[in-house]
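Participant: Handing you this structure, nothing more for now.
The values are calculated or read from the model by the stated rules, or taken from the named source; none is laboratory data. For clarity, every value in this text was computed on a predicted model and none was experimentally measured. Cβ atoms come from the backbone with ideal geometry, glycine included; neighbour counts cover every protein chain shown. Ligands, DNA and RNA are excluded from the accessible area calculation, which covers all protein heavy atoms including side chains. Shrake-Rupley method; radii C 1.70, N 1.55, O 1.52, S 1.80 Å.
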Amino acid sequence: MRLPNRVALVTGASSGIGAAVAQALAADGATVVVNYPGGSPDAANVVVKTITDAGGRAIALAADVSKEDQVQAMFAETIRQFGTLHILVANAGIQQDSPFADMTLAQWQRVIDVNLTGQFLCAREAVREFLRRGPQPAMGRATGVIVHMSSVHEVIPWGGHVNYATSKGGIMQLMKSLAQELAPQKIRVNSIGPGAIKTPINTSAWSTPEAEQKLLTLIPYNRVGEPADIGGLAAWLCSDEADYITGQTIFMDGGMTLYPGFATGG
Ligand code: BGC
């Protein structure tokens, strides 16, 4: 186990990549707060049960990550129950796709609020707790670790998804600037940039054989990723094995960022 006794909070952990990250951190020994956006707790409770059935520790906490008061209440409750926090995986994210000319301000704003402002609010609360607590060498070499869930679309432009791609481009500078500012305090900050992963956010892109074949033309490695691929990377990135990595985006995309259209052309 690489994360024994660490306290980790994973946002948007009731489904998709977040659920897999929560399970992977728990399998490595972390106690995990499974954040969900509010509404029914059923899906988050399933993730908690999966973790506890496997011998791990987890609880579900609701918070809309775009709301400052809800984020602060979630961190306060985490610290009240577990004493501190060692790991934040700021994962919660949404898409509201539209041709640019038709994109409403509400679609623009909601995606920026959840994907970018939500990561700011959660990272800020995590950093405040890391600085308050200070070093705790028995819990790893870093005083605290933050992983931002970005996307290949922090570098690949994405027509029809301008709000989403803009949020991910913003996460890149949020992550790098934070990493630069906080390295002296031994706070490591990195991003994971997933490519196409089979989750509810993009079901229409892989759920029929025709759609999956079309998607695979963008993936040189010729398979669509699974949430567990990202879970494994997140657990490693949070561990001491990755202690000298900060300020980086690690793309996990089967080669989607390799300009596959140029493989035989150009
Ligand atoms: C998006 C998915 C998309 C993938 C690759 C992700 O960030 O959320 O909808 O399939 O990027 O384009």
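Participant: Obtain the nm distance between the two label points defined at Gln173 and Thr203 by a simple spin-label model: each point lies 7 Å from its Cα along the Cα-to-C-beta direction.
Facilitator: 3.6 nm
Participant: Please give the length that would be gained between Ala73 and Arg57 if that part of the chain were fully extended, namely 0.36 nm times their separation in residues minus their C-alpha to C-alpha distance (nm, one decimal).
Facilitator: Gain on extension, Ala73 to Arg57, equals 3.7 nm.
Participant: Counting only protein heavy atoms, what percent of the accessible surface of the chain is carbon or sulfur at a 1.4 Å probe?
Facilitator: 57 percent
Participant: Can I ask one more? In Å², what does the accessible area per residue of the chain work out to with a 1.4 Å probe?
Facilitator: 46 Å²
Participant: In the chain, what is the count of Lys pairs whose alpha carbons are under 22 Å apart, counting only pairs at least 8 residues apart or on separate chains?
Facilitator: 6
Participant: Within 10 Å, count the other beta carbons around each residue, average over each peptide in 98-107, 137-146, and list them highest first.
Facilitator: In descending order of packing, they fall as 137-146, 98-107.
Participant: Now, a different point. Take the alpha carbon gyration tensor of the stretch 55-161, find the square roots of its eigenvalues, order them as a ≥ b ≥ c, and report rounded if a/c is under 1.5; if not, report prolate when a/b exceeds b/c, else oblate.
Facilitator: It comes out prolate by the Cα gyration axes.
Participant: Using modelled amide H (1.01 Å from N, peptide plane; none on Pro or chain starts), what sits under 5 Å from the amide H of Thr249, excluding residues fewer than 5 places away?
Facilitator: Amide H neighbours of Thr249, under 5 Å, 5+ apart: Ser191.
Participant: Explain nothing, just compute: Karplus ³J(HN,Hα) = 6.51 cos²θ - 1.76 cosθ + 1.60, θ = phi - 60°, for every residue of the stretch 200-207 in order, whole Hz, x for Gly and Pro.
Facilitator: The phi angles translate into x, 5, 9, 3, 5, 7, 9, 7 Hz.
Participant: In deg cm²/dmol, rounded to 500, what helix-only [θ] at 222 nm does the chain give when every DSSP H run of at least 4 residues adds -39500 (n - 2.57) and the total is split over its residues?
Facilitator: Helices in the chain give a 222 nm mean residue ellipticity of -12500 deg cm²/dmol.
Participant: Across the Cα atoms of the chain, what radius of gyration and what greatest pairwise Cα-Cα distance (Dmax) are found, in Å?
Facilitator: Rg, Dmax (Cα atoms, Å): 17.9, 58.
Participant: Once whole DSSP H runs in the chain are found, which of them have Cα atoms spread over 27 Å or more along the helix axis and a mean Kyte-Doolittle score of at least -1.0?
Facilitator: Flagged H segments are 162-182.
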